[in-house]
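Working notes, beginning with the structure itself.
The values are calculated or read from the model by the stated rules, or taken from the named source; none is laboratory data. Here the structure is a predicted model, which means the values were calculated and not measured. For neighbour counting, all protein chains shown are included, and Cβ atoms are generated from backbone atoms with ideal geometry for every residue, glycine included. Accessible surface is based on the protein model in full, side chains and every heavy atom, while ligands, DNA and RNA are left aside. Shrake-Rupley method; radii C 1.70, N 1.55, O 1.52, S 1.80 Å.
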Amino acid sequence: YILYPGLTKFPAILGHEFSGEIVEIGPGPEGEQFKVGDRVTAEEMVWCGHCRACRDGFPNHCANLEEIGFTIDGAMAEYIVVQAKLCWSIDSIFERYPDEETAWNVAATTEPTCVAYNGIFERAGGFRPGAYVVVYGAGPIGLGAIQLSKASGAAKVIAFEVSAPRRELAKKVGAEAVYNPIEVSPSEVVMDLTGGAGADLSVEAAGAPDKTIPEMEKTLAINGKIAQIGRAATRVPMYLENFQVRRGQLFGAQGHSGHAIFPSVIRMMGSGLIDNSKIITSTFPLAQALDALEKATKREDGKIVIKP
Ligand SMILES: [Zn+2]
């Protein structure tokens, strides 16, 4: 995330995808919906609620945004102070997973799945059941996109991922076809597997749009959509003629807040429509957080969980 072109400020404790138990509630009416002992996860984007974007209903574009684990202290710690307005109950996840350890871990993966949800459904407007969906990148957000697409009735989900262990995870969470984009021509594969129809929705979750968008552009179904979720400070060559001829649309997506995204994803986890226990590949104690970060740079894990 040090390469991430979004907001960052140092020094800040890292960690923006987390779950925990409430041990203390501050004064004021905001916290009244919670009590000590409640189990919650939290949004990472600290939207202000009073700027123009927030008042217009777009908290992901807050003018006064702070980000937990990026601009203010995050969750690689035993305790963290979080505004009540950002917290969501994860009781339904505990009902789904009788093993508490698994439930805590799964709940900590809510955030990246919400980022995928925001891109696919809130920003791009989703797709009709029976659609062909292509996901570029099978990190935590891409794996979320695959599961959300399967759960929402995609007829086929095709995924591209350079890391072999992550390709296995993509299959495990439901992608029908998974390829290394270095070994194949993604656009040829997509046109072949869709019988020439192309992708109704392509999801950029690789953070390599200079490489992926040109492939997506060649595979737009009529009315095809592209959701740009991965972050990359790079320019992208685009041939807009394809967007005109194919009636294509590209949607820029940022964030995960608002629009009932967190409660909807938590419901999907609670009902078993999404099973993020499949993508958790390692756990480390907090004292070994540096080892966990080093392992993460290898990009072979789905999700690494750090336990205080
Ligand atoms: Zn705001």
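Tabulated data for the structure shown
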| quantity | calculated |
| --- | --- |
| Virtual spin-label span in nm between VAL23 and VAL162, 7 Å along Cα→Cβ | 4.1 nm |
| Gain upon complete extension [LYS85, THR102; 0.36 nm per residue less C-alpha separation] | 3.6 nm |
| Segment 10-92 shape via C-alpha gyration tensor axes, a/c threshold 1.5 | oblate |
| Over segment 124-252, relative contact order from alpha-carbon pairs under 8 Å, at least 6 apart, % | 24 percent |
| GluC sites (Glu not before Pro) restricted to segment 62-112 and DSSP loop, no more than 16 other C-beta within 10 Å | GLU78 |
| Sorted peptide list for 200-209, 68-77, criterion being average Cβ within 10 angstrom, highest first | 200-209, 68-77 |
| Heavy atoms of HIS259: accessible area, 1.4 Å probe, square angstrom to 10 | 70 Å² |
| Of all accessible heavy-atom area on the chain, the percent that carbon and sulfur account for (1.4 Å) | 52 percent |
| Filter on LYS218/LYS278; LYS156/LYS225; LYS278/LYS298; LYS85/LYS150 - keep pairs with C-alpha separation over 23 Å | LYS218/LYS278; LYS85/LYS150 |
| Solvent-accessible heavy-atom area per residue, rounded to whole Å², over the chain at 1.4 Å | 48 Å² |
| Whether segment 1-52 is rounded, prolate or oblate, judged on the alpha carbon gyration tensor where a/c under 1.5 counts as rounded | oblate |
| Gyration tensor verdict on segment 169-233 (Cα atoms; rounded if a/c is under 1.5, prolate if a/b is larger than b/c, oblate otherwise) | rounded |
| Residue among ILE80, ILE266, ILE274 with the largest mean-square fluctuation in a Gaussian network model of the chain, springs linking Cα atoms under 10 Å | ILE80 |
| Two-decimal Rg/Rh across segment 117-214, once Rg and the Kirkwood Rh are taken from alpha-carbon atoms | 0.92 |
